[in-house]
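Undergrad: Before I ask anything, let me first share the structure, which is written out below as structure tokens.
The values are calculated or read from the model by the stated rules, or taken from the named source; none is laboratory data. Please read all numbers here as calculations on a predicted model, not as lab measurements. Counting neighbours? That spans all protein chains shown, and the Cβs are built from the backbone with ideal geometry, glycine included. Accessible surface areas use protein heavy atoms only, side chains included; no ligands, DNA or RNA. Shrake-Rupley method; radii C 1.70, N 1.55, O 1.52, S 1.80 Å.
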Amino acid sequence: MLTDSLKQSIYKIDAFLMQKQYGTLIVDDGQAYLDLPVGELITLNDSFEIEVINDGEYIPITYDEAVNTMSTDGWSLFAGLQARVK
């Protein structure tokens, strides 16, 4: 638990230093959002640089990938991941 808390703090500080917003990627009804820790939603579009965190690494994805990449059972593969955007 402490390790997870420390990782989250590092991700937040890293995003701040890089002048990016950090939060949870939400995909709903063909639209992507970034849910900030303060409860604010940022509506994303293709002008945003999006990076999701996977296994502790930042993976760049496009807006189109965020919205349209689905699992075989129809769920967004990137929804719910921690992400940073600029």
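Undergrad: Among the candidates Glu65, Glu40, Glu51, Glu57, single out the residue that is in contact with a strand residue (DSSP E or B) (Cβ under 7 Å, 6 or more places away or on another chain) and without any contact (Cβ under 8 Å) to a residue 60 or more places away in the chain.
TA: Glu51
Undergrad: Pairs under 9 Å by beta carbon, first residue farther than 17 Å from Asp55 by Cα in the range 1-21, partner assigned to a helix (DSSP H, G or I), six or more apart or different chains?
TA: Within 9 Å, the pairs are Lys20/Asp14; Gln21/Ala15.
Undergrad: Where in the chain are there strands (runs of 3 or more DSSP E), lying wholly inside it, with at least 3 residues that are out of contact with any Gly (no Cβ under 7 Å at 6 or more places or on another chain) and open to solvent by 50 Å² or more (accessible area, probe 1.4 Å)?
TA: 21-28, 57-61
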